[in-house]
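All remarks here apply to the structure that follows.
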Amino acid sequence: MQDFHWFFFALLAIALWRGWHAPPDDGSDAPLPAPRWRSLAQAMAQRGDNLLLLRLLAASAVIYGHSYALCGIPGASDHIARQGWGYGLYSGSIAVQVFFAVSGFLVTGAWLRRPDLGFFLRSRALRIVPAYLACLTISALVLGALVTELPRAQYFADPQTWRYIWQNLTFSTDMVWQLPGVFATNPYPNTVNGSLWTLVVEARVYVWLALLGLLGLLQRRERFFYAAALLVAAVHTEYPLPMMPVGDFLPLAGFFLAGSAFYRWREILPFHGALVPALAALAVLAHGSGAFMPLYGIALCYAVFWFAYGPRRLLGFNRLGDYSYGVYLWGFPIQQLVARSLDQPTPTRITLIALPCALAAGALSWHLLEKPLLRFKQPRRNTAAPVPAHASASAIAAG
């Protein structure tokens, strides 16, 4: 059993032991003196935000970025990758970084509003597992059965068909990417859903956040600062962090941590649109040096939260719902279906056909599965901390 499962089951045991006890006081810091500038917290105090729209745009960017890999054209890459800003930077990877920054921001706020481990685990599980399980099951038992090159009976008799569901549902790093005879002749062959690996990272950062919360390291700003500094220092040692193997996991965990820091220091962070191009310019000037990636990360995170709480004319989008998770889950297999059906798949063709289909799948996932299940977050004996009146739909969904 992987280290993640030991950590998770230990947390689950603690949550069960604590049972229905009232959540402790969050122990948050005393309010800071009002800064001379408008702060992120003041911007958040206004009703509504653009986080649902932002996340949907990010999910759409993932589909756009993946279209270049799935078309099978040698050397095809999107306009961001062609600029050579950094290793692995393209529209899809930037969109995933946006997801993790937003997640760190919202989930940290959810813990601080209600530092109850049982509620936290239940909320996180209800948010990510049902739609994930539905995607795995439908992909294996419906989509795979329809497009496999094997006889139907042989397909269902193959252990790999069932292992695709179970193994991936455990959030193991040893993920199963293929189903028997499915997409075997695609330009990008034998991969049903290449987007799912980020959910493995997401589950791990949730557990890390819960551990920090249980240790009281989120409740005070100085504790959070020292804990974050130790984690960053540990990354540069020869020993990898538990549950965070080196590679693509650590950068995403870093964006999650950055989102947490933005929430924790929201009272003093200045909020002004002019800082977006200023920070971006600093990152551009640092391109080619070791300072580029840290400055890029700060600039991206600041732009994310400025977009979330700055423009007010976009709030009408929130009436639709949070379709981004379903779009993200279903984008890749839908793109593979499109690439399979086209004689000459190109990035543009794949994007234009797959994106509307993924949007429809995301809407169905939200209205039929995700949204109805969110009501089970609250126990029968409701001890939830009150949600601020200005809280958005995205914040409420986060817990």
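The values are calculated or read from the model by the stated rules, or taken from the named source; none is laboratory data. Because the structure is a prediction, the values reported are computed rather than measured. Neighbour counts are summed over all protein chains in view; Cβ atoms, including those assigned to glycine, are modelled from backbone coordinates with ideal geometry.
List of remarks:
Okay, residues lined up against (1) within 12 Å of the chain's Cα centre (by Cα); (2) modelled with pLDDT under 95:
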{"residue": "48", "(1), (2)": "no, yes"}
{"residue": "57", "(1), (2)": "no, no"}
{"residue": "61", "(1), (2)": "no, no"}
{"residue": "64", "(1), (2)": "no, no"}
{"residue": "67", "(1), (2)": "no, no"}
{"residue": "75", "(1), (2)": "no, yes"}
{"residue": "81", "(1), (2)": "no, yes"}
{"residue": "96", "(1), (2)": "yes, no"}
{"residue": "99", "(1), (2)": "yes, no"}
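- A single entry from 329, 368 fulfils the requirement of being of a type in the set (A, V, I, L, M) and under 24 Å from residue 178 (Cα atoms): 329.
- Of residues in the range 344-366 being of a type in the set (S, T, N, Q) and in a loop (DSSP other than H, G, I, E, B), the one surrounded by the most Cβ atoms within 10 Å (Cβ to Cβ): 346
- Residue list for the range 220-268, filter: at positive phi and in contact (Cβ under 8 Å) with a residue 40 or more places away in the chain: 243
- Filtered by the rule that a residue be modelled with pLDDT of 60 or more and surrounded by fewer than 14 Cβ atoms within 10 Å (Cβ to Cβ), the range 379-399 gives a lone residue, 379.
Conditions tested, residue by residue: (1) part of a helix (DSSP H, G or I); (2) charged (D, E, K, R); (3) surrounded by 15 or more Cβ atoms within 10 Å (Cβ to Cβ).
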site: 134; (1), (2), (3): yes, no, yes
site: 153; (1), (2), (3): yes, no, no
site: 191; (1), (2), (3): no, no, yes
site: 199; (1), (2), (3): yes, no, yes
site: 210; (1), (2), (3): yes, no, yes
site: 218; (1), (2), (3): no, no, yes
site: 234; (1), (2), (3): yes, no, no
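- Of residues in the range 255-296 being hydrophobic (A, V, I, L, M, F, W, C) and not in a helix (DSSP H, G or I), the one nearest to residue 55 (Cα to Cα): 271
- Lone qualifier among 122, 204, 163 - being charged (D, E, K, R), modelled with pLDDT of 95 or more and either surrounded by fewer than 21 Cβ atoms within 10 Å (Cβ to Cβ) or not in a loop (DSSP other than H, G, I, E, B) (or both): 163
- Qualifying residue in the range 323-332 (condition: at pLDDT 95 or above, under 16 Å from residue 69 (Cα atoms) and of a type in the set (Val, Ile, Thr)): no
- Matching residues in the range 297-343 - criterion: being part of a helix (DSSP H, G or I), of a type in the set (Lys, Arg) and either in contact with a Ser or Thr (Cβ under 8 Å, 6 or more places away or on another chain) or in contact (Cβ under 8 Å) with a residue 40 or more places away in the chain (or both): 340
- Taking residues in the range 196-211 that are in contact (Cβ under 8 Å) with a residue 40 or more places away in the chain, and partners anywhere that are among the small types (Gly, Ala, Ser) and in a helix (DSSP H, G or I), the pairs with Cβ atoms closer than 6 Å and at least 6 places apart or on different chains are 205/253.
- A single entry from 251, 311, 294, 245 fulfils the requirement of being farther than 24 Å from residue 106 by Cβ, of a type outside the set (Phe, Trp, Tyr) and out of contact with any Pro (no Cβ under 6 Å at 6 or more places or on another chain): 245.
- So residue 317, is it buried (at least 21 other Cβ atoms within 10 Å of the Cβ), touching a helix residue (DSSP H, G or I) at 6+ places or on another chain (Cβ under 7 Å) and either farther than 22 Å from residue 144 by Cβ or modelled with pLDDT of 90 or more (or both): no
- Of the numbered criteria (1) buried (at least 18 other Cβ atoms within 10 Å of the Cβ); (2) farther than 26 Å from residue 91 by Cα; (3) touching a residue at least 60 places away in the same chain (Cβ under 8 Å); (4) not small (Gly, Ala, Ser), the one residue 170 fails is (1).
- The range 36-79: number of residues that are buried (at least 18 other Cβ atoms within 10 Å of the Cβ) and among the aromatic types (Phe, Trp, Tyr): 2
- Residue check for residue 88: assigned to a helix (DSSP H, G or I) and either of a type in the set (Gly, Ala, Ser) or closer than 22 Å to residue 317 by Cβ (or both): no
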